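Let me begin by presenting the structure, written as structure tokens, before commenting on it.
Derivation of every value follows stated rules applied to the coordinates shown; laboratory data play no part. Please read all numbers here as calculations on a predicted model, not as lab measurements. Positions of Cβ are generated from backbone atoms using ideal geometry, with glycine treated the same way; all protein chains shown enter the neighbour counts.
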Amino acid sequence: MTIRPRVDVFEVESRSRGPAEPRRSTNNMLKLLIASVAYLAIQAFSHAQEFQDAETQRSQRNAWIGVYTSPSEVGRFTGTKLKVDKDGPDKLGYQMQFYSDFSDANDIEQEELSGQLLVEENRLYLPEAHGSYRKGKPQLFAMISRYTKVQIGGRTVLLQDDAYSEFQRSGKLYDYGILIKVTNKSGFQIDYRKAPHLSIKTLSMPPTAPWKDPFVHGPNEPSEKAEPANAHARRSRP
């Protein structure tokens, strides 16, 4: 009895095969081909999944794009206009104008704040820098403002932490911590500095309800609760 040594499949193919020799090399090559196709299919699926995840992240990121402004009722005391836009393929940037009746003669005036921002699920993190002069020397102060995106009355609204905590606790609106999305436009489509300040009553408050300054009388109460930011996405309003 003659024992034939085991050889690699490529060796089998490289030498001539006798008439009585089994066609093992063909079967092995077929198995190798099937395994290769399966591997390529898995790789293709993996890349497709990564592409889909990237597209989902891009879509979620783009949902933040637009212009947000503070309610018109607080305009006598303070006002904010915030534009969120693309800053490269995978990042978001912002431009913001802000004014307040509370100021100091030593404050360093800024016509506009701008930079990059971060988003995570329904939260937006916006870095700010302010400065003033003390004893003739500039003193700089940096902070991060966190906003939570919700839907109120079918509109997209950004709530600062104090306003969000109040809404979670009592369902009421603290106007000074609210930015209402007024448009989804971005880039050169709009000059955000000309964006309007909408009334707080657009957030499901009765149009005839008297407005009370929440700084003096406490938060105002809407006629409906907040919803997650992705709820009622079919609605056309920003």
Multiply the residue separation of R169 and K135 by 0.36 nm, subtract the distance between their alpha-carbon atoms, and state the gained length in nm to one decimal. 7.9 nm
For S70, list long-range residues whose amide hydrogen, built 1.01 Å from N in the peptide plane, is under 5 Å from its own amide hydrogen. T80, I180
Residues with amide H under 5 Å of T183's amide H, sequence separation 5 or more or different chain, H placed in the peptide plane at 1.01 Å from N; which? V67
Going fewest to most other Cβ atoms within 10 Å around each Cβ, R155, R193, R134 line up as R134, R193, R155
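Assuming 0.36 nm per residue, please report the length gained on full extension of the stretch R61 to E111 beyond their Cα-Cα distance.
15.3 nm
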Please enumerate, by chain and number, the lysines with C-alpha under 20 Å from the C-alpha of K83, excluding those fewer than 8 residues away in the same chain. K91, K149, K181, K185, K194
Taking amide H positions as placed in the peptide plane 1.01 Å from N, state which residues far from L173 in sequence (5 or more) or on other chains have amide H under 5 Å from it. N220, E221
Determine ³J(HN,Hα), in whole Hz, for all residues of segment 88-97 in sequence, where each value follows from phi through the Karplus function 6.51 cos²θ - 1.76 cosθ + 1.60 and θ = phi - 60°; x replaces Gly and Pro. x, x, 10, 10, 10, x, 9, 10, 8, 10
Starting from 0.36 nm per residue, how many nanometres of slack lie between E121 and S204 once their C-alpha separation is accounted for? 27.4 nm
Could you derive backbone 3J(HN,Hα) for segment 167-173 from the dihedral phi with the Karplus parameters 6.51, -1.76 and 1.60 (θ = phi - 60°), listing whole Hz in sequence and x where the residue is Gly or Pro? 5, 5, 7, 10, x, 9, 9
